[in-house]
Amino acid sequence: MEQEIVKGQKALARQIFVEKKQAALISETQAFEDKRNRQAKLAIERGEDGISKLAVQEKLVLEKQLHLYQEQAEAIKTQTQLLTEKIEQLKETYL
């Protein structure tokens with residue numbers, strides 16, 4: 001039983017790592033999206049239609065990616081919570 005708790009704690013550590021990595025991915029994608037938004041606005045102000053179209057298109061792609069990453073992050077958080085609860089149950093049962 002003690003080995004199961006140790007396995008669970010290791011799995012939880014990996015899960016938390018994945019959760020943090022996903023949060024970093026979201027943050028990075030958000031920064032890229034913001035950058036493309038600023039570039040599109042600047043290109044529009046300067047009358048550079050071709051560049052503004054490219055920036056807007058990339059911004060839209062980044063928005064979709066960001067939404068997907070956020071959904072994945074929620075799923076990961078749910079898994080982390082379930083794993084934490086399971087470990088707590090094991091501890092209560094064993095100890």
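The values are calculated or read from the model by the stated rules, or taken from the named source; none is laboratory data. Quick caveat, the model's predicted, so the values are computed rather than measured. Note that each Cβ is placed from the backbone with ideal geometry, even for glycine, and that neighbours are counted across all protein chains shown. To get the accessible areas, we keep the full protein, side chains included, count just its heavy atoms, and leave off ligands, DNA and RNA. Shrake-Rupley method; radii C 1.70, N 1.55, O 1.52, S 1.80 Å.
Condition first: without any contact (Cβ under 8 Å) to a residue 24 or more places away in the chain and open to solvent by less than 60 Å² (accessible area, probe 1.4 Å). Can you find one or more residues in the stretch 58-75 that meet it? Scanning the stretch 58-75, I find at least one residue that is without any contact (Cβ under 8 Å) to a residue 24 or more places away in the chain and open to solvent by less than 60 Å² (accessible area, probe 1.4 Å), so the answer is yes.
Scanning the stretch 35-66 for residues that are over 21 Å from L25 (Cα atoms) and of a type in the set (V, I, T) turns up I44, I51. If only residues of the stretch 1-57 that are closer than 27 Å to L82 by Cβ and among the hydroxyl-bearing types (S, T, Y) are counted, the one that is most open to solvent (accessible area, probe 1.4 Å) is S27.
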